[in-house]
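Read the structure below first, then the notes.
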Amino acid sequence: MTVPPRESAARSTAAGRIPWRVARLAEIRDETPSARTLVLEVPQWPGHLAGQRVDLRLTAEDGYTARRSYSLAAPTDGSRVVLTVQRVADGEVSPYLTQVFAVGDPVEIRGPVGGWFVWRPQDRDPVLLVAGGSGIVPLMAMVRARAVAASRAPFRLAYSVRTPGDAYYTEELRHRARADPGFDLTRVYTRATPPGWPSPPHRLGLAELSAVAWPAAFAPTCYVCGPNGFVESVADTLVALGHDPGRLRTERFGPSGR
Ligand SMILES: Cc1cc2nc3c(=O)[nH]c(=O)nc-3n(C[C@H](O)[C@H](O)[C@H](O)COP(=O)(O)OP(=O)(O)OC[C@H]3O[C@@H](n4cnc5c(N)ncnc54)[C@H](O)[C@@H]3O)c2cc1C
């Protein structure tokens, strides 16, 4: 896959509302052996809210294009846009983005997109974040946006991954949870735990969610993001625990991992 090399190649969407821009990769950070944070420089980026996403478009030499959505991993910061991409082994786009895409390379980007799965710094309500795998990405943008805004809104994050090596942003989350009494972090491992971990691997179920979530009477806004099956199971459990479906916001990234 290549992309049009010139800014003039940027095109508009069919609706003509959000233009395609040509971004360049400015920085790479490996989060895990199969996930990479990409920092893009996007000329005339209009800014965004935590929780929003972008579309990336790749174009092959024969004109074939592939487009995928990626959540923004950090709050708005001038022309810098931060994404974290998980490699899907047999995927078309994510292997390119995580293994081939190099600093200085161009990519077409369109956004920001989405207005429901967002957190605004002026929101004061308690927030429950529940992430499965790469579903942490837009929730991390909310955690970071809260810190940048010095918000006092209480935040709780439950982050489920298969093994410790699959977790993103590990040091940053540890630091934020230690340094900020308004931010609680619960980790759940479904396949292997760190040595000495107090519980065996398990899925985030009713008992654990009732322990880590705010009580329903506290009326938190709940953001749940991850693979389809994870999101459905967590959303059903939160509703069973009495949470108002109207305060539940979900984002699905794709198939449940096997
Ligand atoms: C709103 C939204 C936000 C997203 N944000 C992110 C993000 O921040 N980071 C990120 O890494 N991905 C994110 N995704 C997923 C992303 O858009 C792609 O689906 C993913 O990168 C796979 O694309 P691909 O071209 O490599 O795989 P494809 O060629 O599309 O698919 C190859 C195979 O993998 C399966 N597959 C596709 N997507 C997934 C998936 N997500 N998990 C498991 N299997 C899958 C397909 O069923 C197929 O069998 C988001 C998706 C949506 C809808």
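The values are calculated or read from the model by the stated rules, or taken from the named source; none is laboratory data. Since the structure is predicted, the reported quantities are computational estimates derived from the model, not experimental observations. Cβ sites come from the backbone with ideal geometry, for glycine too, and all protein chains shown count toward neighbours. To get the accessible areas, we keep the full protein, side chains included, count just its heavy atoms, and leave off ligands, DNA and RNA. Shrake-Rupley method; radii C 1.70, N 1.55, O 1.52, S 1.80 Å.
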Helices (runs of 4 or more DSSP H) fully within region 160-258 counting 1 or more residues that are open to solvent by less than 50 Å² (accessible area, probe 1.4 Å), more than 15 Å from the ligand (Cβ to nearest atom) and within 18 Å of Glu31 (Cβ to Cβ): 170-179
Checking Ser79 against (1) within 12 Å of the ligand (Cβ to nearest atom); (2) touching a residue at least 24 places away in the same chain (Cβ under 8 Å); (3) among the polar types (S, T, N, Q), the condition it does not meet: (1)
If Leu139 passes every condition in (1) outside any strand (DSSP E or B); (2) under 25 Å from Cys222 (Cα atoms); (3) touching a Leu at 6+ places or on another chain (Cβ under 6 Å); (4) open to solvent by 30 Å² or more (accessible area, probe 1.4 Å) but one, which one does it miss? (4)
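Any idea how many residues of region 51-65 are within 21 Å of the chain's Cα centre (by Cα) and outside any strand (DSSP E or B)?
So the count comes out to 2.
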Looking only at region 82-114, and only at residues there that are assigned to a strand (DSSP E or B) and more than 12 Å from the ligand (Cβ to nearest atom), the one that is surrounded by the fewest Cβ atoms within 10 Å (Cβ to Cβ): Pro106
Looking for something of a type outside the set (A, V, I, L, M) and closer than 16 Å to Ser71 by Cα - is there at least one such residue anywhere in region 121-130? no
